[in-house]
C-alpha cells in the first residue's frame with residue numbers, strides 16, 4: 001500500500017519547523033448546511049488554545065455543495081486542507097485519508113454534523129498533552145431514546161470485552177490521539193469501523209472527556225438504522241473477536257442440545273398427560289430456530305470472506321479526485 005505510515009513523517013526540514021501541534025481531521029458527506037460553521041467554530045476554538053494547528057477535511061464524495069463550500073473556506077483559512085474522493089467510500093476510509101495526511105503531534109477526529117460542540121477540541125488535546133495516549137469523547141447528554149441507545153450499549157459492551165478497555169462510549173467519533181500510538185495502526189485504519197477500539201486493543205492508555213451534545217431539539221438524528229447497527233455488530237465481532245466461528249459453533253451445539261432436551265421433555269409430558277404430541281408444530285419451531293442461528297453464522301462468514309476478498313484483490317480503500325494542499329499525497333490508499 002502506498003501509504004503505510006502517517007504522512008507527516010516524510011516532511012522536509014523546513015516543513016518540520018512549522019509542523020502543527022494539533023491536526024483536526026473531519027470527514028464530511030453532504031454537509032453543505034454545516035461545513036462552514038463547523039470549520040469556523042473549530043478554527044475559533046483552536047485559535048483560543050494558541051498552539052499551531054491544521055485542519056484536514058475529507059469530502060467523501062458529496063453530491064451537494066459541500067466541496068464548493070470547502071473551496072471558498074480554503075481562501076479564508078490557509079490552515080485548512082481539503083481532500084475530495086471520486087465517490088462515496090465511507091466515513092472510515094475518509095478518516096484514514098485525513099489521518100495519513102496529518103502532521104500534528106496530537107490528532108483529533110470529529111464528525112461534521114455539529115452533534116457535538118467543537119469547543120471540546122481543546123479539552124481533548126489537553127488530556128493527551130497531560131499524558132494519555134487517547135482522549136476518548138463521551139457524549140454526556142444524549143437524547144436518542146432507547147431504540148437507538150440499546151443497540152449502542154450492546155456494541156459498547158462487546159468492544160469493552162474484546163479490547164479490555166472499560167470506557168463508556170466507543171461510538172463517539174470525537175477523540176484525540178497521540179501521534180505515535182496511531183503509527184502502528186496506519187495500515188488498518190480505514191478497514192476497521194472503530195479506530196479508537198483498534199488503538200485501545202494495543203494497550204494504549206485512555207482518559208474519557210465529557211462532550212456536550214448539540215443534537216437536542218434541532219431535528220438532527222442519527223443516520224444509523226437497525227440494519228446498520230446489526231452490520232456494525234458483525235463488523236465488531238469479525239474485527240475484534242479472535243475466534244468467533246469456533247464460539248458460534250459451540251453456541252449452535254449448546255442451543256440445539258437445549259432445544260432437543262426441551263422438546264423431549266415436552267413430548268414426554270404431553271404424551272403422558274394428554275396422550276397427544278404436537279410434533280409438526282414443534283418441528284417447525286425447531287427448524288426456524290436453527291435457521292435463525294445459521295443465518296447469523298452465514299452473515300459472519302460473509303464478513304470474513306469480504307475482508308479476504310478485499311485483501312487478496314488489493315483494492316484501494318479510496319481514490320482521490322482532487323486536493324486543496326501543496327503537499328500532495330498519493331491519490332489512493
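The values are calculated or read from the model by the stated rules, or taken from the named source; none is laboratory data. Predicted, not measured: the structure shown is a model, and the values here were computed from it. Glycine gets a Cβ as well: all are built from the backbone with ideal geometry, and neighbour counts include every protein chain shown.
Looking across 92, 96, one residue alone is in contact with a strand residue (DSSP E or B) (Cβ under 6 Å, 6 or more places away or on another chain) and at pLDDT below 95. It is 96.
For segment 182-226, a tally of residues being in a strand (DSSP E or B), out of contact with any helix residue (DSSP H, G or I) (no Cβ under 8 Å at 6 or more places or on another chain) and modelled with pLDDT under 80 returns 1.
Of all residues in segment 283-304, those satisfying the criterion of being modelled with pLDDT under 70 and over 28 Å from residue 262 (Cα atoms) are 302, 303.
In this structure, is residue 102 touching a helix residue (DSSP H, G or I) at 6+ places or on another chain (Cβ under 7 Å), assigned to a loop (DSSP other than H, G, I, E, B) and either modelled with pLDDT under 95 or in the same structural domain as residue 177 (by TED's automatic domain parsing) (or both)? The answer is yes for residue 102.
Listed here are the residues, each with its yes/no results for (1) farther than 23 Å from residue 186 by Cα; (2) outside the structural domain of residue 211 (by TED's automatic domain parsing); (3) in contact (Cβ under 8 Å) with a residue 40 or more places away in the chain; (4) surrounded by 21 or more Cβ atoms within 10 Å (Cβ to Cβ).
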| position | (1), (2), (3), (4) |
| --- | --- |
| 70 | yes, no, yes, yes |
| 85 | no, no, yes, yes |
| 88 | no, no, yes, no |
| 109 | no, no, yes, yes |
| 125 | no, no, yes, yes |
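Of the residues in segment 26-33, at least one is within 18 Å of residue 318 (Cβ to Cβ), under 23 Å from the mean Cα position of the chain (by Cα) and surrounded by fewer than 18 Cβ atoms within 10 Å (Cβ to Cβ).
If only residues of segment 18-33 that are in contact (Cβ under 8 Å) with a residue 60 or more places away in the chain and assigned to a loop (DSSP other than H, G, I, E, B) are counted, the one that is farthest from residue 115 (Cα to Cα) is 19. Regarding residue 229, is this residue modelled with pLDDT under 65, buried (at least 17 other Cβ atoms within 10 Å of the Cβ) and not in a loop (DSSP other than H, G, I, E, B)? Criteria met by residue 229.
Could you tell me whether any residue of segment 56-76 is more than 26 Å from residue 89 (Cβ to Cβ) and either at pLDDT 95 or above or more than 23 Å from the chain's Cα centre (by Cα) (or both)? Yes, that holds for at least one residue.
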